[in-house]
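Notes follow once the structure below has been shown.
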Amino acid sequence: MNVFSISEIVEMGIEKEKKRKDFYAMISEYFKDEDMKVLFLKLKNWEEEHIKKFSEIRDSVKEPKETEIYEGEMSAYIQALLDDKLYNDVSPGKFSSNVKTPLDAISYGIAFEKDSIIFFNEIINYTVDARKEVIKKLIEEEKQHIVYLSLLKEKIGG
């Protein structure tokens, strides 16, 4: 049974941020449309900022005091929260077979941002109060990413 400390979970979140950043960088070069390039470069830059902020959060988390209803409950929940299937599907090796159109790229981006919001909403419960506002701000930024991606999706006919 895998049991992770909260700081380890946050570290995994940082790795997800890095994967999103790499995905957005890849997308910005994959399509020739200037609007797509600009949007995905902006998202890449935002993810870089999130990596810095999330690294600070990692250093301030506290371990949970909850008791499990059944043995392995917390571990199973955290494992589900950290499921990397979404991220494995956009690895460079699978990228060209999974992302063929701008709508594909936007759909993956929206899924990444939703994943991030879920993750941050859970982590906020295990951080010191001084960092909760930082996480709330990150959540709001992720919501903005979804708005940008959704508007672009609507603009190009999705």
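Which members of region 12-49 meet the condition of being among the basic types (Lys, Arg), without any contact (Cβ under 8 Å) to a residue 24 or more places away in the chain and crowded, with 16+ Cβ neighbours inside 10 Å?
Filtering region 12-49 down to residues among the basic types (Lys, Arg) leaves 16, 18-21, 32, 37, 42, 44.
Imposing the further condition that a residue be without any contact (Cβ under 8 Å) to a residue 24 or more places away in the chain reduces the set to 32, 37, 44.
Scanning region 12-49 gives a single hit, LYS44.
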Subject >> Among the candidates TYR126, TYR108, TYR148, residue that is at pLDDT below 80 and of a type outside the set (S, T, N, Q) >> reply: TYR126
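The values are calculated or read from the model by the stated rules, or taken from the named source; none is laboratory data. Every value quoted in this text rests on a predicted model; they were computed, and no experiment measured them. Please note: Cβ atoms are built from the backbone with ideal geometry, for glycine as well, and neighbour counts cover all protein chains shown.
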